[in-house]
Amino acid sequence: MDTNQIYPPLKSDLHTHTLCSDGKLSPVEYVDYALGRDIRVIALTDHDNMNAWEPIRRYIREKELPLRVIPGIEISSTWIEGSCPYQIHVVGLNCDPSNVRLQETIRENKEKRDFRVKDISEKLVKCGVDAGDLADYLQVFLDRSTFITRKHFSDYLVKHHFVSDNARAFEKYLGKGCPAYCKVQWNSVANAVDVIRAAGGIPVLAHPMRYKELNRKTKYRDRLIDHFAEIGGTSMETAHPLMKIEEKLIARDYANGHNLYSSYGSDFHEKNVPDRAMGKDLWLAAPSKPIWEHEQIKEFFKS
């Protein structure tokens, strides 16, 4: 299928993670890797925290490196349709890390994550996982100020041969309805949007084409995007390395239909996943309203 492709003025990636959430690279390794891939603009969007922001900013300043980093975050939220809660992620681009409301949300979500870590750990022990070994494994991440996610648990299950891969870990242990599943009631999508706007950031609906439950019932996906636009969301991700062209066109039409900016990102976590390499195959389907033209971040893209 032929389609016109729009590329940003500088090679960039607006959805990435470090080991401060569920990525594998330290802040310094993250910067060096980005430069090694000729990235010039990158958005730091760790889950529910901005712990990597200051180390990254300091390293770039001290070394005078040619990388522009947009301070961001990926906030966990809940959207309820009927009686069904869905976990939705909202990316905030160019947020003020010192904003009081944002810091309150980070603290609140950390408490919820801490509860989930304890609950999942106890449930996995009942499934046959060694309690001491799991605790030692998690402590390594806690010592790094990492916000532990379910992916850390899935990595553990793969490493110890409980399952063959991460997808199977969620299917057998960590997903909804599974023996180690922990239900967390995050704040609403509307709250995430409000917090991001209060911090001076751009609210971006993260990867709407990748929510499996919603995409099985496309009317729910329609309603989510309608809701996001109604509550003040201003952008949505319409491009990802794994998206088929048909999916990019559908996402583009959603964004255009709601007058939303189109954003993009690899959702980068680690170097050994080539299909989600930082900056890989990130282009928008025309016609789109590119996020790099947004008043709040266009300065990052000037040559």
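For region 1-77, the spread of Cα coordinates along the three principal axes comes to 42, 36, 18 Å, biggest extent given first.
Rg ratio for region 1-130: its Cα radius of gyration over 2.2 N^0.38 Å, N being its residue count, equals 1.28. For region 65-135, the extents of the C-alpha atoms along the principal axes are 47, 43, 23 Å, listed from largest to smallest. Taking GluC sites (Glu not before Pro) as exposed when DSSP calls them loop and at most 13 other C-beta atoms lie within 10 angstrom, the chain has its longest site-free stretch at 65-294.
When the Cα convex hull of the chain is projected onto planes of every orientation, the mean area is 15.5 nm².
Taking every C-alpha pair closer than 8 Å and separated by at least 6 residues, the mean separation divided by the residue count of the chain gives a relative contact order of 23 percent. Among beta bridges from DSSP that stay inside the chain, the antiparallel ones total about 50%.
Amide H contacts for I75 (H built 1.01 Å from N in the peptide plane; partners 5 or more residues away or on another chain; cut-off under 5 Å): D48, V90, V91, G92.
Between region 257-298 and region 153-209, the alpha-carbon centres lie 20 Å apart. Among the trypsin sites (Lys or Arg not before Pro) found in region 248-303, those both in a DSSP coil and sparsely packed, with 12 or fewer other Cβ atoms within 10 Å of their Cβ, are K302.
Looking at region 1-106, the DSSP beta bridges with both ends there are about 55 percent antiparallel.
Using a cut-off of 32 Å between Cα atoms, the listed pairs K176/K298; K248/K298; K219/K298; K183/K302 include K176/K298; K219/K298; K183/K302 as exceeding that distance. The 3J(HN,Hα) values that the Karplus relation (6.51, -1.76, 1.60; θ = phi - 60°) gives for region 112-123 are, in residue order, 5, 5, 4, 5, 5, 4, 5, 5, 5, 4, 5, 6 Hz. Gly and Pro appear as x. Working note: Karplus 6.51/-1.76/1.60 with θ = phi - 60° gives region 45-62 the couplings 9, 5, 5, 6, 7, 10, 4, 7, 4, 5, x, 5, 4, 5, 5, 5, 5, 5 Hz, where Gly and Pro are set to x.
Every read-out reported here was derived from the displayed coordinates using simple, explicitly stated rules and does not represent laboratory data. A quick note: this is a predicted structure, and the numbers were derived from the prediction, not measured. With ideal geometry, Cβ positions are generated from the backbone for all residues, glycine too; neighbour counts draw on all protein chains shown.
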